[in-house]
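Heads up, the thing below is written out as C-alpha cells.
The values are calculated or read from the model by the stated rules, or taken from the named source; none is laboratory data. No experiment lies behind these values; they were computed from the predicted model shown. Reconstructed Cβ throughout: ideal geometry from the backbone, glycine too, with neighbour counts over all protein chains shown.
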Amino acid sequence: MVGIIMGSISDLKVMQGAIDILKEFGVSVETDIVSAHRTPQKMMDYASGAESRGIKVIIAGAGGAAHLPGMVASCTVLPVIGVPVKSSNSIDGWDSVLSILQMPNGVPVATVALNASLNAGLLAIQILGTADKEINQKLHAYKSELIDKVNKMSIELKNVQN
C-alpha cells in the first residue's frame, strides 16, 4: 500500500523508521533502491507503475542533490513524501532539504524534516486513514498514547523536583 524508495542502500538506516511505523500500523510496504541519477528509467517505471500495483502513497528518501522525490512526483498522481537524508556528500543536509522542499507549482512533494522518515511514515498513515476506518482508529489510539507519554513525563518531572 505504501512504496518506500531510496537512492542508495546507505539510506536504509534513515528510512527504517518509516518501514517500522508502517508495519506497526499493519500497512503493507514495498521497498526498493531507485536512483534518480543512476537509474532514471527504473525511477520513471517505478513511479508510473506504482498506482497500478496498488500503491497509495510513495515515500522517497534521498541525500545530496535529492532529486528522487520530485522526479517521482513528476511521473505519478500519487502523493509523494520526501525524506531529506544527510548523506556523506551532503552540506549538513541543507542541500537535500532544499532540493525536496523547493518544488515548482504543479509538482507537490510533502517534505519532512532531515532524516525524519518516521514522520514520513506517519504522514502516509494519516493519508491512508482518511479512507480507511481501521487505520484511522489506530491513529486515534497512537495519538492517545503520545498524550499519555507526555503526561507521564510531566508527573515524573514534578516528582523529581519535589
Which is in a helix (DSSP H, G or I), surrounded by fewer than 18 Cβ atoms within 10 Å (Cβ to Cβ) and of a type in the set (Asp, Glu), of 20, 95?
20
Residue 92 passes all but one of (1) within 17 Å of residue 11 (Cα to Cα); (2) in contact (Cβ under 8 Å) with a residue 40 or more places away in the chain; which number fails?
(2)
Can you tell me which residue among 160, 77, 107 is outside the structural domain of residue 58 (by TED's automatic domain parsing), surrounded by fewer than 18 Cβ atoms within 10 Å (Cβ to Cβ) and of a type in the set (A, V, I, L, M)?
160
The conditions are (1) touching a residue at least 60 places away in the same chain (Cβ under 8 Å); (2) over 14 Å from residue 118 (Cα atoms), and residue 59 fails exactly one of them. Which is it?
(2)
Given 47, 62, which one is modelled with pLDDT of 95 or more, crowded, with 24+ Cβ neighbours inside 10 Å and not hydroxyl-bearing (Ser, Thr, Tyr)?
47
